[in-house]
Structures are given as C-alpha cells and as structure tokens.
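Notes to accompany the following structure.
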Amino acid sequence: MQKLSLKTFLRKYPHNEACLEEIKRFVFPDGIHCPKCQKITNFYKLDGRMAYSCGVCRTQVYPLKGTIFEKSTTDLRTWFYVMWVMSKTRSGISARQIQREVGVTYKCAFRMCHQIRKLMADDGEPMDGINESDETYIGGKGKNKRYVPDYNEKPKEVVMGILQRGGKIHLRHIPNTGKWTILKQIKENLSTDASIYTDQLGAYQQLNRYGYNHSFVNHKETYVIKGTDIHTNSIEGFWSIFKRGVTGVYTHISPKYLQHYADEYGFRYGNRKADDMFTEMLRQIALKKALQVSPLS
Ligand SMILES: [Zn+2]
C-alpha cells in the first residue's frame, strides 16, 4: 500500500535541504554524536554544502557518506523522486521512462535505478514458518517453462524464490536447478524448523533429511493437496507479476543485472503491507550506510 501521494511528496521535500534533513533524521535518529565532543550535540546545516557542523567544536558531519548518493552529481531531490517512483510502481519502471520523466540522461537514469535497487536487496535473515519454494526461467528463446538445454538457443536464466507466507520473499539468480544449488539457498535462508512446500522437482526430494519439514505437490496430478494448505500458489502468483515486469518493462535484461531486478520485486513484495514503501527505502539507506561505514564487529 502506498500512502505517500505525489502532492504530499512534493510538499514534504520541496528542496535538497529538506531531503538531506530527512536522511539525517534516519541516519541519526537520536541526534548526532559528535566524535570530538564525545557526546550528542546540536549540529547546524552548513550553507550550500551537504554537511552539518557541531555547534560546540565545529566538527563536520556528512550524512550522505557511505550512502548511494555520496559520489553522485545528481541532486538529492531528483534521487528522492526516482526512489518515490520506484516505490510506487507495481510492475517496475524502465530507465527510459525515468529519463523522460525526470529529464536526466539515459545513462544517469540507468545508474540511479541500479543504485536504488541496491537499497532493495534483502536482509538475509533466515525465514521460519511456512514457506513456498520454486524457480522461474527468464529470457532466452522458447516457451518452455522448465529449463530444457538446447545449445542452439540462448539459455534461460534461473531465479529461485522462497516465499514466506504472510512475510517476505528471498530471490536469487542461480546458475542451475541442481540439488546442491537449491540446497545451499534453502540452508542459507530458512530456519531448520521451517516448513517448506515445493513442487516435485528432484532437487527438493531429500529436504526432510536436512531437518526441514518438507511437503510437495506433484503438479502433474494437482495443484493443492486436498484438505491441506500444501500448494505453491502464492509464489506462482508472485512469478506472474515478476515475469510480466521483467519481460514487459525491462525487455532486455542482462543476466548481470537480473539479481538487482529480482531484489526490486522482492522488496516491493516484502513491504507490501508497509504504510509507505518510500519510508522503508529511507530506512534501508540508514541500515546499509551503517553496515558500510561501521561493519558490525
Ligand atoms: Zn563537537
């Protein structure tokens, strides 16, 4: 759900300073701790600079340091606007559209979109509860849903998804659907007490051996096991949005960037219940900056 309308957005962020102030609020929610004074002091915005200065000792602090905006020559408000657009769309928005709408070069729009997708990468927290796991095939030629190697065809790329019912989704561009590839994703992203529902793919068949509560539906026979909640319909639903976006909006996706696009769709899915997805993105700026500037040690 998106509650931040364009009108509110424009009123809330009328200029670069307002955007910087907002980032400062997210990055330093309790005020700025001055490294020199060794305590929280009052900081004042420096005229014409993206910096604040300590009212006591004049030490300067740059809230954009370590963020995706740090080295950019594009003004902050344009960044905010592109983030807002990306938080609002359901099926994605192309760099061409951004270029037209915002009035930046294609190259710049493309770069901005990818930087913003970095904010949308998932947190890697293992999931519990009931999960549905499945794979989808992107690009290449041929209408096969399943990967059939044909060396005359451009290969399809595989994206694996683990959807936590009522929660988030983990998406990974994987090299193949072999047992070890699949197992690695499951081990890294699911708690061992989680339940996992899949189709009949061979790679899933020994999950119980690894402690997972695994059930599967043989799609050659049915899509829901009668009288149970065992199905993969939620992730199938997600794939239809993802594929419509990826093949419709982003017509030619380089395999190199497929993970970033997956992150974008995964982020929107995981935050679908958030009051305002734009605020979630601002939160990610602060979280990812914290990781980059002072790695948790
Ligand atoms: Zn100070």
Original post:
Quick one: would you say Phe110 is open to solvent by less than 40 Å² (accessible area, probe 1.4 Å), more than 16 Å from the ligand (Cβ to nearest atom) and not charged (D, E, K, R)?
Top reply: no
**OP:** Considering only residues that are open to solvent by less than 30 Å² (accessible area, probe 1.4 Å) and in contact with a Phe, Trp or Tyr (Cβ under 8 Å, 6 or more places away or on another chain), look in segment 24-52 and name the one that is farthest from the ligand (Cβ to nearest atom).
**Re:** Ala51
Original post:
Looking at this structure, is Pro63 more than 21 Å from Ile253 (Cβ to Cβ), within 16 Å of the ligand (Cβ to nearest atom) and of a type outside the set (Val, Ile, Thr)?
Top reply: yes
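The values are calculated or read from the model by the stated rules, or taken from the named source; none is laboratory data. A quick note: this is a predicted structure, and the numbers were derived from the prediction, not measured. Using ideal geometry, Cβ is built from the backbone for each residue, glycine included, and neighbour counts are taken over all protein chains shown. Just the protein is used for accessible areas: all its heavy atoms, side chains included, with ligands, DNA and RNA removed. Shrake-Rupley method; radii C 1.70, N 1.55, O 1.52, S 1.80 Å.
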